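K.L.:
Just dropping this structure here.
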Amino acid sequence: MAPNTPWLTIVGIGEDGRAGLSPAALAALDQAAFVIGGTRHLELAAPLSGRTQPWPSPFAEAYALILDRRGEPTCVLATGDPFHFGVGAELARLIPAEEIACFPQPSAFSLAASRLGWSLPDCDCVSLHGRALERIIPHLQPGAHILALSWDGSTPGMLAEVLKTRGFGASAITVCEAMGGPRERIRRTNAADFAIMEIDPLNTVAIEVAASRDARIVPLAPGLPDAFFENDGQLTKAEIRALTLAALAPKAGELLWDIGLGAGSVGIEWCLRHPRNRCIGIEERTERAERAWRNAQELGATALDIRVGRAPEALTDLPAPDAIFIGGGASEAGVFDAAWAALKPGGRLVVNGVTLETETLLGSLYARHGGTMRRLAVSRLEPIGGMHGWRAAMPVTQWVVVKP
């Protein structure tokens, strides 16, 4: 086979099996010398003339099996649309697109939207297949329409429990099972009354979000209320946090290092700015790291990766960040130098300091590297006996610099 001509075919197959495949997909499937896919996929595609291979365990071993067949007619079977939360994107990272031919079927999202009469572009599409259930939490906004791919038959009930405990018990839930085949079943209820049993592992959950007055909704703006974060006092307060996020200027898909993680508030809010954003948090105290992890789960910031250790030693061998926030330990020897060396060119570094020692260090760093410095002071109105007065928080000196 000539180089850069398709030798790998990815065929999306539905619950209707071969009957739902196009003539071109059928021809590619029948001409393949090697066919790999899930056991269910192989059964749906039978009879097959080529050698068949169920997905191995661990799944990653499948990629080597496929690459070993390079140049031979090879077919990968996948569910629905292989490039919508499927295996297609991972294969395309290993094999040039010119060497791949793909024949997709409607995705589970498309099928569910068509069953419910929903506009797919107006839905939040979330995969919970092999991913943390808490990923759903930021999407729980009043009036939202959510389509979620389940991990197995237990996922719908677990989602209903999350909705109930967070004040969304009135939300309508539709469980769409084995769509597109003879076993298709659609069942509806609400989160508070969820009692659907014997759910097919191949299911998609549709949620029409209805929030009670006291529902725990994650606001879309930075500077979440301090009460959202369990903490021991080591917390970047809401007003300072909003300005810190603005200085960090997160962009989609970027990685932040949060050095001196504390309660995790800055790293969590970084992750909440976009579903592809990631943060590695460095915290030397185990109890604080555990507290930050609980905060991340409560707010659905599942992309926060917490490393217990002391900077700068804990910064070794981490992936290069697009931005760095130093909220604690800036005056420790070697912390800034290690962070600055690791930061990508064009990356942003923000340091907040409240002590005179840190402020003195920031002044010297500003003289050496430039950037901008500002002092942030916030006062909050608090009761004083039967009256009220302004209580000032400790001022924060903030240095912001972009690496050339």
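The values are calculated or read from the model by the stated rules, or taken from the named source; none is laboratory data. As the structure is a computational prediction, the values presented were derived from the model and not from experiment. In this analysis, Cβ positions are derived from the backbone assuming ideal geometry, glycine residues included, and neighbour counts consider all displayed protein chains. Remember, those area values only see protein heavy atoms, side chains included, never the ligands or the DNA or RNA. Shrake-Rupley method; radii C 1.70, N 1.55, O 1.52, S 1.80 Å.
K.L.:
Go through region 52-67 residue by residue and turn each phi into a ³J(HN,Hα) via Karplus (6.51, -1.76, 1.60, θ = phi - 60°); whole Hz please, and just put x for glycine and proline.
P.N.:
10, 8, x, 3, x, 10, x, 4, 4, 5, 5, 5, 5, 4, 6, 5
K.L.:
Using only Cα positions of region 120-255, each an equal point scatterer, no hydration layer, compute I(q)/I(0) via Debye at q = 0.09, 0.14, 0.20, 0.22 Å⁻¹ and quote the log10 values to two decimals.
P.N.:
-0.34, -0.73, -1.16, -1.30
K.L.:
Which shape class applies to region 145-207: rounded if a/c is under 1.5, otherwise prolate when a/b exceeds b/c and oblate if not, where a ≥ b ≥ c are the square roots of the Cα gyration tensor eigenvalues?
P.N.:
Prolate.
K.L.:
Turning to a different aspect of this structure: Calculate the spin-label point distance for Ala252 paired with Glu332, positioning each point 7 Å from the Cα along the beta-carbon direction, and give it in nanometres.
P.N.:
With each label placed 7 Å out from Cα toward Cβ, I get 3.5 nm.
K.L.:
Rounded to whole Hz and in sequence order, give me ³J(HN,Hα) for region 13-29 from the Karplus expression 6.51 cos²θ - 1.76 cosθ + 1.60, θ = phi - 60°, writing x for Gly and Pro.
P.N.:
10, x, 5, 8, x, 4, 4, x, 8, 6, x, 5, 5, 4, 5, 5, 5
K.L.:
Still on this model: Just name one of Ala27, Ala227, Gly300: the one whose Cα is farthest towards the positive end of the charge dipole of the chain (beta-carbon charges, Lys/Arg +1, Asp/Glu -1).
P.N.:
Positive-end residue among those listed: Ala227.
K.L.:
For the full complex of protein chains and a 1.4 angstrom probe, list His388, His369, His41, His129 by accessible area with the highest value first.
P.N.:
Sorted descending by solvent-accessible area, the residues read His388, His129, His369, His41.
K.L.:
To check my understanding: the extent here is largest minus smallest coordinate of the Cα atoms along each principal axis. What are those three numbers for region 1-70, in Å, largest first?
P.N.:
32, 30, 18
K.L.:
Using only Cα atoms, figure out Rg for region 285-404 and give it as a multiple of 2.2 N^0.38 Å.
P.N.:
1.27
K.L.:
Still on this model: Expected output is a single nm value to one decimal: the length gained when fully extending between Thr286 and Ala377, i.e. 0.36 nm times separation in residues minus the C-alpha distance. What is it?
P.N.:
29.7 nm
K.L.:
Considering only Ile217, Ile186, Gly169, whose Cα is most displaced toward the positive end of the charge dipole of region 150-219, charges sitting on Cβ of Lys, Arg (+1) and Asp, Glu (-1)?
P.N.:
Ile217
K.L.:
How many percent of DSSP beta bridges within the chain run antiparallel, rounded to 5?
P.N.:
45
K.L.:
Among Ala132, Ala296, Ala227, determine the one that fluctuates most according to a GNM of the chain built with springs between C-alpha atoms less than 10 Å apart.
P.N.:
Ala227
K.L.:
To continue, here is another question. Might you tell me the accessible area per residue for the chain, computed with a 1.4 Å probe and given in Å²?
P.N.:
Value returned for the chain: 47 Å² of accessible area per residue.
K.L.:
Probe radius 1.4 Å, ligands and nucleic acids left out: which of Asp68, Asp337 has the largest accessible area, and how do the rest follow?
P.N.:
Asp68, Asp337
K.L.:
Right, next: I need the fraction of alpha carbon pairs in region 1-120 separated by more than 18 Å, rounded to a whole percent.
P.N.:
49
K.L.:
Quote the charge dipole size of the chain about the Cα centre in Debye, to the nearest 20; the model charges only the Cβ of Lys and Arg (+1) and of Asp and Glu (-1).
P.N.:
For this selection, approximately 800 debye.
K.L.:
Assigning unit charges at the beta carbon (Lys, Arg +1; Asp, Glu -1) and nothing else, what dipole magnitude in debye, to the nearest 20, does region 104-238 show about its Cα centre?
P.N.:
Taking the Cα centre of region 104-238 as origin, the dipole is about 220 debye.
K.L.:
Right, here's the next one. How would you classify the chain from its alpha-carbon gyration tensor, with a ≥ b ≥ c the square roots of the eigenvalues: rounded for a/c under 1.5, else prolate if a/b is greater than b/c, otherwise oblate?
P.N.:
Because a/c hits 1.5 or more and a/b fails to exceed b/c, the chain counts as oblate.
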